[in-house]
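Undergrad: What follows is a single structure, and I will ask about it in a moment.
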2 protein chains.
Amino acid sequence: MAAPVAPRRGVGRRRGSPDTRGEIVAAARREFAAKGFDNTSLRGVARTAGVDPALVHHYFSDKQDLFLAAMNLPFDPRTVLPPALQGPVDGVGERLVGTVLQIWDDPALRPALLSVVRSALGNEGTAHLLRDGFLRLVIEQIAALPGISDPQRRGSLAGSQIIGLIVARYVVGLEPIASMPAVRLAALVGPTIERYLFDDLG
Amino acid sequence: MAAPVAPRRGVGRRRGSPDTRGEIVAAARREFAAKGFDNTSLRGVARTAGVDPALVHHYFSDKQDLFLAAMNLPFDPRTVLPPALQGPVDGVGERLVGTVLQIWDDPALRPALLSVVRSALGNEGTAHLLRDGFLRLVIEQIAALPGISDPQRRGSLAGSQIIGLIVARYVVGLEPIASMPAVRLAALVGPTIERYLFDDLG
């Protein structure tokens with residue numbers, strides 16, 4: 001049997017070959033998993049990937065950008081959520097839930113989303129990434145709603161309902177939540193989100 | 001190296017030795033995981049465990065009893081939930097959430113609970129057990145509330161909020177939900193549960 005041959009690496013390859021972005025993402029995935037979101041730096045990822053930090057900045061505008069790529073999320077919450085949040089305050093809960101369900105109901109996106117959620121919930125080591133990387137990003141956007149008080153508390157309560165909805169509908173398959181039309185489910189759950197975001201909670 | 005020696009099994013062992021219950025539970029765990037809740041029978045578990053069906057009935061009163069043992073749940077929802085549900089309707093949501101948090105906040109119970117939830121959510125094969133075995137049991141109890149209409153829909157919506165709360169507080173550690181006093185959190189989330197259970201949802 002022939003000995004395995006190490007793949008050849010041309011000198012120019014690290015400067016931006018088709019694989020460089022993928023190698024940075026793979027290094028980021030390892031760094032985020034090992035150190036968490038807050039203790040991972042673009043510079044550290046560059047070192048792990050064996051590339052110049054400038055190259056990381058070439059592909060990713062900031063740490064959250066790199067994080068979203070490392071999570072392999074098939075959508076970017078920074079572009080998807082604002083349309084739901086920026087409309088009239090009345091109905092924002094229904095629009096927010098509707099947006100989440102629309103993304104999750106897409107059969108082209110769901111396998112990747114399920115795999116992210118299963119890995120984050122099934123594994124102690126990656127749950128904190130969901131919290132510090134992804135949910136923080138969502139709550140920051142909720143905090144930008146006009147006149148919202150105590151956004152961390154309100155946002156995390158709203159987040160808990162949306163997380164539970166995702167788990168019930170897509171992970172556990174709890175009926176009738178699992179098969180209800182998204183529009184109907186958004187109408188049922190929307191007022192809960194609005195209560196958490198805007199009502200006097202005492 | 002000596003060949004591994006098969007453990008000796010005395011004739012009387014299967015009749016009720018200290019290990020018999022454990023062997024039945026282990027067999028049940030395999031059967032539930034392979035076939036789901038509905039397609040598992042006490043008779044089939046007895047066959048897998050290599051014991052007489054009467055012995056399974058000796059240790060477990062019914063399939064749900066065996067299921068709860070197989071899930072390794074450190075509490076029995078059939079005895080824990082009724083006190084919260086049977087009091088006055090006003091405040092039932094707060095009492096229900098308070099009961100869930102009280103169980104989960106107990107440091108002696110939490111590791112086993114986390115392991116059940118992580119396994120059910122992190123693994124496609126066991127998510128349906130959470131749905132058909134455990135959540136069905138909870139929703140049956142909610143359905144027994146006096147005058148409740150459409151208990152499956154109402155119960156699953158309430159369940160989605162409670163699942164989300166558990167994931168946010170104990171699995172993901174989302175602040176301030178993770179460190180808020182249980183009484184406070186129950187007061188914040190209770191009205192959501194009551195809306196799902198009793199309000200006109202359209």
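Undergrad: Do me a favour and compute the ellipsoid semi-axes for chain B from its Cα gyration tensor, root of five times each eigenvalue, largest one first, whole Å.
TA: In descending order the semi-axes read 37, 20, 15 Å.
Undergrad: Follow-up. Computed on protein heavy atoms with a 1.4 Å probe, what is the summed buried accessible area for the chain pair B and A, in Å² to the nearest 100?
TA: 3300
Undergrad: Next question. Can you give me the % of accessible surface on the protein assembly as shown that is carbon or sulfur? Probe 1.4 Å, all protein chains present, nothing else counted.
TA: On the protein assembly as shown, the fraction of accessible area on carbon and sulfur atoms equals 56 percent.
Undergrad: Once you have a ≥ b ≥ c as the square roots of the Cα gyration tensor eigenvalues for the stretch A:123-182, tell me rounded if a/c is under 1.5, and otherwise prolate or oblate according to whether a/b is larger than b/c.
TA: Here the stretch A:123-182 falls in the oblate category.
Undergrad: I'd like the mean, over residues of A:144-153, of how many other protein chain beta carbons sit within 10 Å of each residue's own Cβ.
TA: Mean partner shielding for this stretch: 1.
Undergrad: Also, I was wondering about something else. Take the alpha carbon atoms of the stretch A:125-170, find their center, do the same for the stretch B:79-125, and report the distance between the two centers in whole angstrom.
TA: The stretch A:125-170 and the stretch B:79-125 have Cα centres spaced 21 Å from each other.
Undergrad: Using only the Cα atoms, what convex hull volume per residue in Å³ does the protein assembly as shown have?
TA: Hull volume normalised by residue count: 206 Å³.
Undergrad: Jot down the radius of gyration and Dmax of the stretch B:99-202, Cα atoms only, both in angstrom.
TA: Computed over the Cα atoms of the stretch B:99-202, radius of gyration and Dmax are 14.3, 42 Å.
Undergrad: Ordered by residue, what ³J(HN,Hα) values in Hz, to whole numbers, does the stretch A:139-145 give under the Karplus form 6.51 cos²θ - 1.76 cosθ + 1.60, where θ = phi - 60° and Gly and Pro are x?
TA: The phi angles translate into 5, 4, 6, 5, 5, 7, 4 Hz.
Undergrad: Also, quick follow-up: If the label for residue B:115 sits 7 angstrom from Cα along the Cα-to-Cβ line, what are its distances to the same label in every other copy, in nm to one decimal, shortest first?
TA: Nearest to farthest, the other copies are at 2.9 nm.
Undergrad: How far apart are the residue A:87 label points across copies, placing each 7 Å from Cα toward Cβ, in nm, shortest first?
TA: 3.9
Undergrad: Sticking with this structure for a sec: Between residue A:182 and residue B:148, what's the calculated FRET efficiency when r is the beta-carbon distance and R0 is 35 Å? Round to 0.05.
TA: Efficiency at R0 = 35 Å is approximately 0.90.
Undergrad: Further, regarding this structure: Using the Kirkwood formula over every pair of different C-alpha atoms, what hydrodynamic radius in Å results for the stretch A:14-71?
TA: Mean inverse Cα-Cα distance, inverted, gives 10.8 Å.
Undergrad: Check cross-link reach from residue A:35 to the lysines: straight Cα distance under 28 Å, and skip same-chain residues fewer than eight apart.
TA: Within the straight-line limit of under 28 Å, residue A:35 reaches these lysines: A:63.
Undergrad: Follow-up. For chain B, calculate the relative contact order in percent as a whole number, restricting contacts to Cα pairs under 8 Å that are 6 or more residues apart.
TA: 21
Undergrad: In addition: Shortest first and in nm to one decimal, what separations exist between residue A:182 and its copies in the other chains, measuring from label points 7 Å along the Cα-to-beta-carbon line?
TA: Here the equivalent label points are 3.8 nm apart from this one.
The values are calculated or read from the model by the stated rules, or taken from the named source; none is laboratory data. Since we're looking at a predicted model, the values are computed, not measured. Reconstructed Cβ throughout: ideal geometry from the backbone, glycine too, with neighbour counts over all protein chains shown. Please note that ligands, DNA and RNA were not included when accessible areas were found on the heavy atoms of the full protein model with its side chains. Shrake-Rupley method; radii C 1.70, N 1.55, O 1.52, S 1.80 Å.
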